[in-house]
Amino acid sequence: MALFKLPRWLKTPLPILVLQIEGTALRFVLRAGQRVLKSGVITLPAHVMVGRAFDVLEVRTLLLAQLDGSAADVAVLLPAAAVHIHFLTVPMGLDEDELDYQTSRHITHELGLSLADVYYDWTQADELSKQGQTVVLAVARQSEVAQYAQLLGDTALRLRWVCAEPLVWAQAYEGTRYAVCKIEHDGMQVYWFEANGRVRVWSKSFDAEQMGRAGFEYISGAVVRLPTRFAVDEIDNALSQILGEADKQRLRSVYVSGAAVDWADALPALQVRLGVPMRLSSMTTDEHNALGGLWQLSEQILKEKA
């Protein structure tokens with residue numbers, strides 16, 4: 001029988017582990033407050049992945065080997081390909097139960113999915129119109145999420161949050177009219193945010209032929225670095241294709257993320273090409289900038305817990 005309980009202010013919060021599996025890369029950041037305890041990118045063997053499903057036991061072994069038995073609260077950053085974001089216009093004045101009914105009805109009637117097969121969450125947006133108010137709906141298949149709970153299993157890691165990457169980037173920076181370009185050796189994604197707060201996502205894969213024409217080099221182990229000119233051209237072309245020249249001129253800033261580019265070389269060239277402020281997505285080193293989305297999610301969790 002306990003003689004007393006420690007006051008709440010004497011409790012030590014668990015570190016936060018943020019992780020993401022995208023392609024064959026397992027990215028992770030383990031932090032306690034502002035101190036980064038561990039971070040890195042694990043290249044998963046090809047046989048571990050089947051689409052976006054992974055071998056739970058093998059990935060667990062690789063992850064735990066990096067964490068040295070650390071206990072942590074875990075946040076999973078679901079990549080854009082694993083989650084669908086929808087913006088619904090619903091009548092004004094609905095209470096929470098009525099809003100939940102509207103979102104679940106959209107999933108079953110408009111998307112044709114069973115509620116038994118998905119996880120979903122929604123929030124009210126600030127956007128208003130004569131037609132009503134806007135609800136932001138995020139939907140992921142249960143199979144996409146359940147494997148992370150299985151991954152942690154009976155370890156000292158506790159799954160607390162599952163978050164959609166596009167919505168994390170949407171809350172990362174103040175203001176509107178910005179874009180986030182995430183580029184890796186096998187492709188790129190662009191997230192951009194309109195004046196009404198809506199988030200859009202565009203993706204492109206780099207095929208073997210395109211990579212062969214561009215050329216690339218290995219810098220440490222199996223890490224692939226793309227030529228700066230290739231990366232600059234791809235980002236410029238993507239923004240022009242997505243936004244058009246008029247909307248591209250309205251951009252207030254562009255943030256970049258990814259390990260496949262020498263950003264110290266690329267940022268000045270992008271600044272000249274695009275004519276808008278170019279910034280790294282989080283920390284200043286190339287290694288940490290590859291983890292920009294994870295860092296932003298951990299920042300948002302710490303602010304929420306403060």
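Among residues of region 45-62 that are over 12 Å from residue 22 (Cα atoms) and in contact (Cβ under 8 Å) with a residue 12 or more places away in the chain, those with a Cβ under 7 angstrom from a residue that is open to solvent by 80 Å² or more (accessible area, probe 1.4 Å) and not in a loop (DSSP other than H, G, I, E, B), sequence gap 6+ or separate chain, pair up as 56/150.
The set of residues in region 13-68 being among the β-branched types (Val, Ile, Thr) and within 17 Å of the chain's Cα centre (by Cα) consists of 16, 18, 21, 24, 29, 41, 42. Quickly run through region 225-266 and pick out the residues that are within 18 Å of residue 291 (Cβ to Cβ) and open to solvent by 20 Å² or more (accessible area, probe 1.4 Å). Scanning region 225-266 gives 225, 255, 259, 262, 264.
Tell me which residues, restricted to region 129-152, are modelled with pLDDT under 90 and not polar (S, T, N, Q). 130, 132 - these are the residues of region 129-152 that are modelled with pLDDT under 90 and not polar (S, T, N, Q). Residues in region 279-300 that are open to solvent by 10 Å² or more (accessible area, probe 1.4 Å) and either at pLDDT 90 or above or of a type outside the set (Gly, Ala, Ser) (or both): 279, 280, 283, 284, 285, 286, 287, 288, 295, 296, 299, 300. Of the numbered criteria (1) open to solvent by 20 Å² or more (accessible area, probe 1.4 Å); (2) of a type in the set (A, V, I, L, M); (3) in contact (Cβ under 8 Å) with a residue 24 or more places away in the chain, the one residue 115 fails is (3).
The values are calculated or read from the model by the stated rules, or taken from the named source; none is laboratory data. Fair warning: this is a prediction, and the values are worked out from it, not measured in the lab. Neighbour counts are summed over all protein chains in view; Cβ atoms, including those assigned to glycine, are modelled from backbone coordinates with ideal geometry. SASA here: full protein model, heavy atoms, side chains in, ligands and nucleic acids out. Shrake-Rupley method; radii C 1.70, N 1.55, O 1.52, S 1.80 Å.
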